[in-house]
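Asks: Following this message is one structure expressed as structure tokens.
The values are calculated or read from the model by the stated rules, or taken from the named source; none is laboratory data. Quick caveat, the model's predicted, so the values are computed rather than measured. Every residue, glycine as well, gets a Cβ built from its backbone with ideal geometry; the counts of neighbours run over all protein chains shown. Just so you know, the surface numbers come from the protein's heavy atoms only, side chains and all, with ligands and any DNA or RNA stripped out. Shrake-Rupley method; radii C 1.70, N 1.55, O 1.52, S 1.80 Å.
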Amino acid sequence: MKYYALCIINYALLLMLSGCIEEYEADISDDDAALLVVEGTICSGQLNKFYLSRTLPMNEYTPWMMADASVAVRGDDGSEYMTTWSEEGCYVCWIERLDPDVAYYLHIEADGEVYESDPQKPLPTEKIAEVCGVQNTPESDIDVLITPNDPFVSDQTNYYSWTYEQTWEVRPDYLTFIYFDPELQTKVDLEGSLFPERGWKDAIGQDILVGASNNYDGQHIRKLKLYGISRGSEMIFHRYSGLIHQRAISKAEYEYELARRQASSEMGGLFTPLPSALPTNIHCLTSHKSVIGFIGCSLNTSAYRFFLNGWDFVIRRPSQRDGRLWFEDTTIDDCMRMVDIGMYLCEWEDERMTGGPLKTAWAFKYQLDVRSQGAYVTEPDFWRLQGNVSY
């Protein structure tokens with residue numbers, strides 16, 4: 001009887017809930033379709049890259065990159081830097097030096113429309129004083145903390161953006177210094193390992209990180225967490241290196257990045273603002289079309305390379321049993337069969353001279369060669385640095 005009553009109650013609730021469901025159609029005007037999306041930063045001393053694309057309908061996934069626009073960096077002193085289309089899918093131009101007293105903006109001509117970003121003077125960027133890795137407890141992950149140099153302006157809030165690159169050392173599951181020679185039908189000793197003893201992997205941080213100095217004494221950011229590294233990640237098993245890029249940004253760009261991040265995290269919600277509602281400093285001069293994106297302007301960027309060693313932290317390596325294939329009493333036929341299926345000899349314990357067995361262990365290439373794990377084996381130029389470096 002209780003079960004029957006619960007079924008009736010549940011059925012009634014389902015009817016009530018289904019009655020509350022109505023088809024929702026987002027109110028998106030034609031002006032919000034195929035909006036221009038602009039990404040990039042005007043900066044001196046480097047190759048400037050500007051990405052132009054259009055927004056897509058929900059059922060389309062291929063990015064609509066624009067390769068037929070005219071894009072130039074202009075200054076209010078009459079200077080101009082024309083861009084060219086790159087195979088990377090962006091417009092590029094080299095700017096040797098920006099004048100700190102000149103306001104610069106991006107000029108775009110595309111599909112019969114003209115767009116420009118707000119003119120702004122390039123902001124100088126301080127160097128990075130320190131980047132370090134901190135593990136608060138033995139069970140904690142490793143936090144990467146940053147401290148910029150003393151700010152150029154200490155009586156107002158300073159805003160920064162950071163991007164980062166990662167490189168870490170990897171090693172194979174096993175090393176072997178021997179191999180089985182099918183012609184000699186025995187093992188052959190090698191002077192070194194049959195495969196590289198280590199390799200390296202790279203990754204680029206996917207997020208643009210931003211920070212403000214308003215909560216710090218003297219407007220000087222100290223030990224701000226940028227990102228974390230899991231203590232169980234292979235990144236920290238041996239040696240890890242990060243390259244942090246720092247750029248001073250305006251308050252408007254800071255607010256744009258915060259709004260963009262919030263919109264990305266809430267994507268799909270009923271109350272998520274449309275992309276066209278994000279703050280921007282790019283405007284269409286020939287119509288009322290909205291634009292998505294923000295163009296910053298920097299006099300320079302700074303960088304800092306740092307290193308972390310796995311033995312300085314309490315890391316969590318996954319428990320791993322011996323994954324090699326062992327033969328307790330190996331025959332030559334066993335060895336020939338292992339070679340035929342692509343396995344490599346790792347251990348050779350021959351006790352046949354004393355009446356014992358021949359014990360061998362075998363492994364596949366992916367267990368021995370880090371290149372099979374997506375690593376490369378040419379040592380990076382910076383890997384032999386003994387300390388952190390500020391650029």
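Asks: In terms of the ratio Rg/(2.2 N^0.38 Å) built on C-alpha atoms, what value belongs to region 81-167?
Replies: Values: Rg = 19.4 Å, N = 87, 2.2 N^0.38 = 12.0 Å.
Expressed relative to 2.2 N^0.38 Å, the Cα Rg reads 1.61.
Asks: Now for a different question. For Arg371, what accessible surface area do you get with a 1.4 Å probe? Give it in Å², rounded to 10.
Replies: We get 120 Å² for Arg371.
Asks: Mind putting a number on the dipole of the chain about its Cα centre? Charges go on the C-beta only, +1 for Lys and Arg and -1 for Asp and Glu, and I need it in Debye to the nearest 20. Walk me through the intermediate numbers first.
Replies: Working: 32 positive and 60 negative charges, 232 e Å.
Approximately 1120 debye in magnitude.
Asks: I'd like the orientation of helix 251-265 relative to the chain: the angle between its Cα long axis and the longest Cα principal axis, in ° from 0 to 90, rounded to 10.
Replies: The helix 251-265 is inclined about 60 degrees to the chain.
Asks: Share of region 265-391's accessible area from carbon and sulfur, percent, 1.4 Å? Working shown, then result.
Replies: On the way: 4090 of 7600 Å².
The nonpolar share, carbon plus sulfur, comes to 54 percent.
Asks: Efficiency by 1/(1 + (r/R0)^6): what FRET value for Lys201 and Thr286, r their Cβ-Cβ distance, R0 = 45 Å, to the nearest 0.05? If you can, show how the numbers build up before the last one.
Replies: On the way: r = 47 Å, r/R0 = 1.05.
The computed FRET efficiency comes out at 0.45.
Asks: So, in nm, how far is label Phe152 from label Arg222 when the simple model puts each one 7 Å beyond its Cα toward the Cβ?
Replies: Those two pseudo-labels are separated by 2.4 nm.
Asks: May I pose another question? With label points built 7 Å along Cα→Cβ from the Cα atoms of Asp381 and Ser233, find their separation and express it in nm.
Replies: 2.5
Asks: What is the magnitude of the charge dipole of region 246-387 about its Cα centre, with +1 placed on the Cβ of each Lys and Arg, -1 on the Cβ of each Asp and Glu, and no other charges, expressed in debye to the nearest 20? Mind showing how you got there, number by number?
Replies: Numbers: 16 positive and 18 negative charges, 206 e Å.
Result for region 246-387 is approximately 980 debye, rounded to the nearest 20.
Asks: Largest first, what is the accessible-area ranking of Phe382, Phe152 with a 1.4 Å probe?
Replies: Values: Phe382 45, Phe152 130 Å².
Largest to smallest exposure gives the sequence Phe152, Phe382.
Asks: Another question, if that's okay. Compute the long axis of helix 2-19 from its Cα atoms, compare it with the longest principal axis of the Cα atoms of the chain, and write down the angle in degrees, 0 to 90, nearest 10.
Replies: Relative to the chain, helix 2-19 is tipped by roughly 40 degrees.
Asks: At a probe radius of 1.4 Å, what is the per-residue accessible area of Lys365, in Å² to the nearest 10?
Replies: Accessible area, nearest 10 Å²: 90 Å².
Asks: Treating cross-link reach as a plain straight distance, find the aspartates and glutamates whose alpha-carbon is under 17 Å from the alpha-carbon of Lys223, omitting any fewer than eight places away in the same chain.
Replies: List returned: Glu126, Glu130, Asp141, Asp143, Asp150.
Asks: Of Glu88, Glu169, Glu183, which has the most accessible area and how do the rest follow, probe 1.4 Å? Kindly include the intermediate steps, with their values, before the conclusion.
Replies: Working: Glu88 110, Glu169 5, Glu183 170 Å².
In descending accessible area the options line up as Glu183, Glu88, Glu169.
Asks: If you take the beta carbon distance between Tyr51 and Val314 as r and set R0 to 25 Å, what does 1/(1 + (r/R0)^6) give as a FRET efficiency, to the nearest 0.05? Could the numbers behind the result be given before it?
Replies: Details: r = 41 Å, r/R0 = 1.65.
It comes to 0.05.
Asks: Under a Cβ-Cβ cut-off of 13 Å, what is the net charge of the residues other than Ala103 that fall near it, where Lys and Arg count +1 and Asp and Glu count -1? Mind dumping the intermediate values first?
Replies: Working: positive: Arg74, Lys121; negative: Asp76, Asp77, Asp99, Asp101, Glu116, Asp118.
Taking every Cβ under 13 Å from that of Ala103, the sum is -4.
Asks: What number do you get for the chain when its Cα radius of gyration is normalised by 2.2 N^0.38 Å, N = residues? Working shown, then result.
Replies: Details: Rg = 29.6 Å, N = 391, 2.2 N^0.38 = 21.3 Å.
Relative to the 2.2 N^0.38 Å estimate, the chain comes out at 1.39.
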